[in-house]
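Derivation of every value follows stated rules applied to the coordinates shown; laboratory data play no part. Here the structure is a predicted model, which means the values were calculated and not measured. Here the Cβ positions follow ideal geometry from the backbone for every residue, glycine too, while neighbour counts run over all protein chains shown.
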Amino acid sequence: MTTPFGPSYVRAIAPYIAGKPIPEVARQFGLDEARIVKLASNENPLGMPESARRALAAAAAELGRYPDSNAFELKAALSRRYDVPSEWITLGNGSNDILELAAHAFVERGQAIVYSQYSFAVYALATQGLGARHVVTPAVKHGHDLGAMLAAIDADTRLVFVANPNNPTGTFIDGATLEAFIAKVPAHVVVVLDEAYTEYLAAGKRYDSIAWVRRYPNLLVSRTFSKAYGLAGLRVGFAIAQPALTDLLNRLRQPFNVNTLAQAAAVAALGDAAFLERSALLNAEGYRTLTAAFERLGLEYVPSDGNFVLVRVARDANDDAAGERVNLALLKQGVIVRPVGNYGLPQWLRVTMGLADENAAFVAALERAIGAQ
């Protein structure tokens, strides 16, 4: 009998499944790509800002050379924006890269990582890929129970993942409650605060997590250019933390993990306040449209502070096939959303807010799919 390759904890990983791309759905169901609506991957429906497009064109002349491994211009721009030294910044190939780097930098095999039920799938993947111990605390109202997470920390815990707002549920923890939690986490445990959707927060909900980084040496804040900044295809994320943490991240980081085009586009997007404001306004409008439709259809949803909303499409409390069934009905109509059965939510779908016509197409397709049940 052949001995299987690799450790058992790696072989046990279920690979991450991304949202279906438009060409795949077109091929599978014989649809016109131009008529397909994709609301599955929490992308900015406005796409890339024009400022970033111009920066890409200018940077293209340098593609025969390797990228700046230290990304001087991008780190300098982030340093100015957040008023921290460049040495406090680590760049990643998307924020997924930051999350994986953090797990590898701070946790050894057999040690524990704490995260919440219904939180981002990469937390579980990063934990399992290390052979670390999963400590998953039950969610409350689909969000983090910080008290339970604090109680779950033990002598072997080295990392805690907190997403705010949370993906895939959209739940939010107010700043005072979150800082009180961080202050109570033991100094030997790193808190990774995943803020991929923070730019979508309403003004009244915003808090200064970068100020917390200055106060708490064990806090790492992770952000991304993939969502509100519209650069999902270029893969740029970053972490801000004190040098005791960033030094370890940069020992593991691949030398050229953020390419030349991505660096140039991110610098331009970071300075494009008008685009960011337009994105947030469009998102708020889309949220009102979708939630009004859910209420009219009598569908439960989780109030969201991200650029997506989680909706329960099952009419029967025992109908755990509803998510996949309604998802298939939507796909056949050329609408791509995200089933979340892999998160333990088989009766629900996650829907990204899109352009007005995309939202309208989704609502019409959902009405037909729900009516056909």
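Tabulated data for the structure shown
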item	result
Radius 11 Å from Cβ of Ala126, net charge of other residues (Lys, Arg +1; Asp, Glu -1)	-2
Candidate aspartates and glutamates - alpha carbon under 16 Å from Lys141, same-chain residues fewer than 8 apart omitted	Asp174, Glu300, Asp305
Quarter of Cα convex hull surface for the stretch 240-373, i.e. mean projection, nm²	11.5
R0 of 41 Å, Cβ-Cβ distance Ala58-Asp83: FRET efficiency to nearest 0.05	0.90
For the stretch 185-266, diffusion coefficient by Stokes-Einstein and Kirkwood Rh (Cα), 25 °C, 0.890 mPa s, µm²/s	174
Cα centre as origin, Lys/Arg/Asp/Glu Cβ charges: the chain dipole, Debye	300
Likely footprinting exposure, Asp32, Asp194, fewest C-beta neighbours within 10 Å first	Asp32, Asp194
Global geometry of the stretch 47-93, whether rounded, prolate or oblate, following the gyration tensor of its Cα atoms and the 1.5 cut on a/c	oblate
Projected area, mean over directions - the stretch 50-271, Cα convex hull, nm²	11.6
In the stretch 205-303, the chymotrypsin sites (Phe, Trp or Tyr not before Pro) that fall in loop regions by DSSP, at most 15 other Cβ within 10 Å	Phe256
DSSP loop trypsin sites (Lys or Arg not before Pro) with at most 16 other Cβ within 10 Å: longest gap in the chain	207-314
Point-to-point label distance, Arg288-Asp357, nm (Cα→Cβ direction, 7 Å offset)	2.2
Cross-link reach list, lysines versus Lys20, counting only Cα pairs under 25 Å and skipping chain neighbours closer than eight places	Lys38, Lys227, Lys332
Positive-end extreme of charge dipole, the chain - chosen from Gln254, Pro346, Asn44 (charges on Cβ)	Gln254
Alpha-carbon centroids, the stretch 27-58 and the stretch 263-296: separation in whole Å	14
Farthest positive-ward along the chain dipole, Cα basis, beta-carbon charges - from Ile153, Ser69, Ala139	Ser69
DSSP-defined beta bridges in the chain - what % are antiparallel, rounded to 5	50
Kirkwood Rh in Å, taken over all unlike Cα pairs in the chain	21.6
Exposure proxy order (Cβ contacts within 10 Å, fewest to most) of Leu330, Leu355	Leu355, Leu330
Residue exposure sequence - Asp174, Asp272 - by fewest surrounding Cβ within 10 Å	Asp174, Asp272
DSSP-assigned coil residues among chymotrypsin sites (Phe, Trp or Tyr not before Pro) in the stretch 7-108, each with at most 15 further Cβ atoms within 10 Å	Tyr16
Where labels lie 7 Å past Cα in the beta-carbon direction, separation of Val10 and Ala180 in nm	4.4
Nearby lysines by direct alpha-carbon distance to Lys205 (threshold 17 angstrom, same-chain neighbours under 8 apart not counted)	none
In range of the label at Arg278: residues from the stretch 345-373 whose backbone nitrogen is under 15 Å from the point 7 Å along Cα→Cβ	355-356
Residues with amide H under 5 Å from that of Ile336, placed H, sequence gap 5 or more	Val37, Lys38, Leu39
